[in-house]
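Nothing in this text is a laboratory measurement; each read-out follows from the coordinates by a stated rule. Keep in mind it's a predicted model, so treat the numbers as computed, not measured. Don't worry about glycine lacking a Cβ; one is built from the backbone with ideal geometry, like all the others, and counts go over all protein chains shown.
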Amino acid sequence: SGTDEKKIIEVFSSRTSEQRQQIKQKYKALYNKDLEEDLKGDLSGNFEKVVLALLDLPCEYEARELRKAMKGAGTDESLLIEILCTRNNKEIVNIKEAYKRLFDRDLESDVKSDTSGSLQKILVTVLEATRDETQQVNAELAEQDATDLYKAGEGRWGTEELAFNVVLAKRSYSQLRATFQAYEKVCGKDIEESIKSETSGDLEKAYLTLVSCAKDCPGYFATLLNKSMEGAGTDEETLIRILVTRAEVGYPVTCDTSHQLWEK
């Protein structure tokens with residue numbers, strides 16, 4: 001009789017992850033069958049990918065994505081950065097636990113063995129999940145951090161990344177916004193410009209991601225979504241990942257983005 005895709009979209013996209021888990025359990029109780037397995041048989045392509053991803057717990061989905069990024073030859077550093085540098089403490093802890101549960105492996109050890117140098121250091125710092133999450137801003141600390149960042153980067157040749165790692169991975173987002181303003185006064189240019197001139201490659205990408213999220217996290221993901229849809233082909237993997245993991249935390253899944261995928 002065919003699958004009512006419209007109905008599936010309606011049910012799944014308007015529920016929280018927790019509600020989708022309850023639907024899964026209820027389905028199993030009522031029909032003694034796995035909802036995922038039934039849907040796999042009826043769906044295909046991107047539509048199937050999105051629906052199955054929506055049925056995963058966000059932390060488990062992200063753990064699978066991270067494992068995929070590090071498995072086999074070569075590492076997808078961009079994916080490690082996109083997930084690890086944009087999550088709050090609780091999300092990082094949940095991802096680490098899910099990774100252990102699903103693969104019986106330690107996420108931090110895998111990241112250490114699959115990355116090196118400066119990128120490894122910042123990712124390991126982020127994985128400690130010890131960012132201050134209070135809202136208070138300490139103006140003196142902002143000025144001190146801004147000076148430390150200036151000395152570590154623009155103030156001399158070769159960036160001393162330890163100062164950057166501690167500030168970008170440990171300070172609260174509101175504190176960082178104050179630090180970036182203070183930095184501009186000290187340095188005469190914004191923090192992104194300094195990062196671009198002092199670092200390159202994956203380290204630059206990690207630092208810029210941390211700065212973007214501190215300044216405007218929904219804006220960071222909106223830009224990523226936009227990039228995944230511009231040009232000739234849609235980057236479906238990125239699109240699906242953002243739709244699935246970020247819709248949960250208040251980044252609305254827009255009709256436009258959904259249609260890009262459902263149509264394919």
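So here's what we get for this one:
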quantity	calculated
Total charge dipole magnitude, the chain, about the Cα centre, Cβ charges on Lys, Arg, Asp, Glu only, Debye to nearest 20	520 debye
Relative contact order (percent, whole number), segment 139-215, Cα cutoff 8 Å, 6+ residue spacing	36 percent
Dipole magnitude of segment 139-215, debye to nearest 20 (Cβ charges: Lys/Arg +1, Asp/Glu -1, about Cα centre)	160 debye
For the chain, calculated [θ]222 nm from helices alone, where every DSSP H run of n ≥ 4 adds -39500 (n - 2.57)	-22500 deg cm²/dmol
Answer label for volume of the Cα convex hull per residue in Å³ (calculated), chosen among (1) 118; (2) 195; (3) 145	(3)
Proximal lysines to K100, defined as alpha-carbon separation beneath 18 angstrom and excluding residues fewer than eight positions away on the same chain	K68, K71, K90, K112
Over the chain, relative contact order from alpha-carbon pairs under 8 Å, at least 6 apart, %	18 percent
